[in-house]
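The structure under discussion appears below in the form of structure tokens.
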């Protein structure tokens with residue numbers, strides 16, 4: 001965890017330094033502008049930590065104000081950075097060509113001021129678009145034919161939410177939009193594949209009633225994500241359970257004799273001494289194979305020893321990258337990043353782009369989703 005946080009803030013701090021140097025190169029300002037701008041950038045770089053401190057001190061309104069300003073700035077800055085960096089790569093390519101050709105390509109260079117203006121305009125417009133995209137919850141539907149439904153059960157509907165991140169930003173308005181999509185699907189089973197909460201539970205406890213008002217026929221199941229540990233596992237589990245979910249931590253059950261639902265903890269718990277480890281092979285093998293086995297796992301990773309012991313794994317975690325083009329980087333670590341994938345043994349892995357947002361309340365070319373899986377009795 002310490003390595004992750006150090007790496008994150010090193011990169012995030014670096015993007016702020018990048019912005020400052022670009023702005024100074026364009027406008028050539030002195031200390032009268034440079035010092036206030038530097039202080040603002042330091043405040044924004046520290047905002048994620050300051051938000052947590054304010055929240056834990058019970059300063060909800062300052063924490064919420066800082067979260068909105070800090071995370072919206074984060075979204076703009078990353079989008080600005082991606083656009084400006086593209087131009088820097090072009091200039092680097094030109095420089096390499098000049099060295100090879102031993103001539104200058106000055107006419108192909110882009111002036112600093114227009115480049116800064118284009119990158120800033122792109123960041124603002126993309127962030128504005130992404131803010132509205134984050135509110136437009138999509139319903140992604142998957143139909144799976146399986147002979148493992150018992151006689152008399154011709155169809156079973158599963159709704160998946162993931163990475164909701166209920167907290168200072170994802171509040172009642174956004175949550176109602178998500179749950180409206182769940183209700184429209186009229187699921188027999190509702191599952192959450194981690195990161196349901198991302199804030200102090202004493203401030204978001206009233207929101208659990210919105211979840212508790214949904215009563216699928218076969219119940220609601222959830223697993224832990226990494227953020228459950230970040231905000232405090234005990235409080236996160238209390239919120240999730242009072243919202244009506246059964247949290248599966250290296251365990252499962254055969255629901256009404258219809259299907260098996262199995263779930264495991266996110267490995268982030270190891271850093272907090274809260275991980276309830278499980279041998280996936282032994283865990284899954286304990287359930288009858290003549291019933292459809294639904295495997296809930298926050299991260300879209302596959303343990304080879306578990307192949308052949310489940311039918312469908314539902315995961316989340318990666319948010320589809322959330323802000324293009326960062327999904328390209330995420331894909332290096334999680335190649336099976338979003339959508340439906342068939343695995344080596346014929347099993348299926350469905351990876352949600354997530355239903356909420358982490359950090360910036362923005363999604364850019366990675367729309368939020370409620371995944372609706374229809375199991376239909378028949379030949380697979």
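The values are calculated or read from the model by the stated rules, or taken from the named source; none is laboratory data. Quick caveat, the model's predicted, so the values are computed rather than measured. Note: ideal-geometry Cβ built from the backbone for every residue, glycine included; neighbour counts use all protein chains shown.
Identify, from the list 351, 376, the residue that is surrounded by fewer than 17 Cβ atoms within 10 Å (Cβ to Cβ) and in contact (Cβ under 8 Å) with a residue 24 or more places away in the chain. Please lay out each step first, then the result.
Working: 351 fails: surrounded by fewer than 17 Cβ atoms within 10 Å (Cβ to Cβ).
Residue meeting the stated conditions: 376.
Of all residues in segment 352-380 being touching a helix residue (DSSP H, G or I) at 6+ places or on another chain (Cβ under 6 Å) and either not in a loop (DSSP other than H, G, I, E, B) or not assigned by TED's automatic domain parsing to the domain that holds residue 197 (or both), which is nearest to residue 178 (Cα to Cα)?
Looking at the filtered set, the residue picked out is 370.
Checking the conditions here, which among 54, 101, 63 is modelled with pLDDT under 95, crowded, with 18+ Cβ neighbours inside 10 Å and farther than 30 Å from residue 370 by Cα?
54
Of all residues in segment 221-235, which are without any contact (Cβ under 8 Å) to a residue 60 or more places away in the chain and crowded, with 24+ Cβ neighbours inside 10 Å?
228
Conditions (1) under 23 Å from residue 120 (Cβ atoms); (2) assigned by TED's automatic domain parsing to the domain that holds residue 170; (3) out of contact with any helix residue (DSSP H, G or I) (no Cβ under 7 Å at 6 or more places or on another chain); (4) assigned to a helix (DSSP H, G or I), marked per residue:
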{"residue": "32", "(1), (2), (3), (4)": "yes, no, yes, yes"}
{"residue": "35", "(1), (2), (3), (4)": "yes, no, yes, yes"}
{"residue": "47", "(1), (2), (3), (4)": "yes, no, no, yes"}
{"residue": "54", "(1), (2), (3), (4)": "no, no, no, yes"}
{"residue": "62", "(1), (2), (3), (4)": "no, no, no, yes"}
{"residue": "79", "(1), (2), (3), (4)": "yes, no, no, yes"}
{"residue": "82", "(1), (2), (3), (4)": "yes, no, yes, yes"}
{"residue": "86", "(1), (2), (3), (4)": "yes, no, yes, yes"}
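Given the residues 328, 309, which is the only one that is buried (at least 19 other Cβ atoms within 10 Å of the Cβ) and in the same structural domain as residue 368 (by TED's automatic domain parsing)? Explain how you work it out, then say what you get.
Working: 328 fails: buried (at least 19 other Cβ atoms within 10 Å of the Cβ).
Going through 328, 309 in turn, the sole match is 309.
Among the residues of segment 279-305, which ones are under 24 Å from the mean Cα position of the chain (by Cα) and touching a residue at least 24 places away in the same chain (Cβ under 8 Å)?
280, 294, 295, 296, 297, 298, 299, 300, 301, 302
Counting only residues that are over 18 Å from residue 226 (Cα atoms) and out of contact with any helix residue (DSSP H, G or I) (no Cβ under 9 Å at 6 or more places or on another chain), how many does segment 252-277 have?
Qualifying residue count for the region: 8.
Restricting attention to segment 238-271, report how many residues are touching a strand residue (DSSP E or B) at 6+ places or on another chain (Cβ under 6 Å) and over 29 Å from residue 375 (Cα atoms).
1
Of the residues 49, 137, 118, which is within 30 Å of the chain's Cα centre (by Cα) and closer than 30 Å to residue 311 by Cβ?
Selected residue: 137, the only one of 49, 137, 118 that is within 30 Å of the chain's Cα centre (by Cα) and closer than 30 Å to residue 311 by Cβ.
Please verify whether residue 203 is in contact with a strand residue (DSSP E or B) (Cβ under 8 Å, 6 or more places away or on another chain), modelled with pLDDT under 95 and surrounded by 16 or more Cβ atoms within 10 Å (Cβ to Cβ), treating the condition exactly as stated.
No; evaluated as a whole, the condition is false for this residue.
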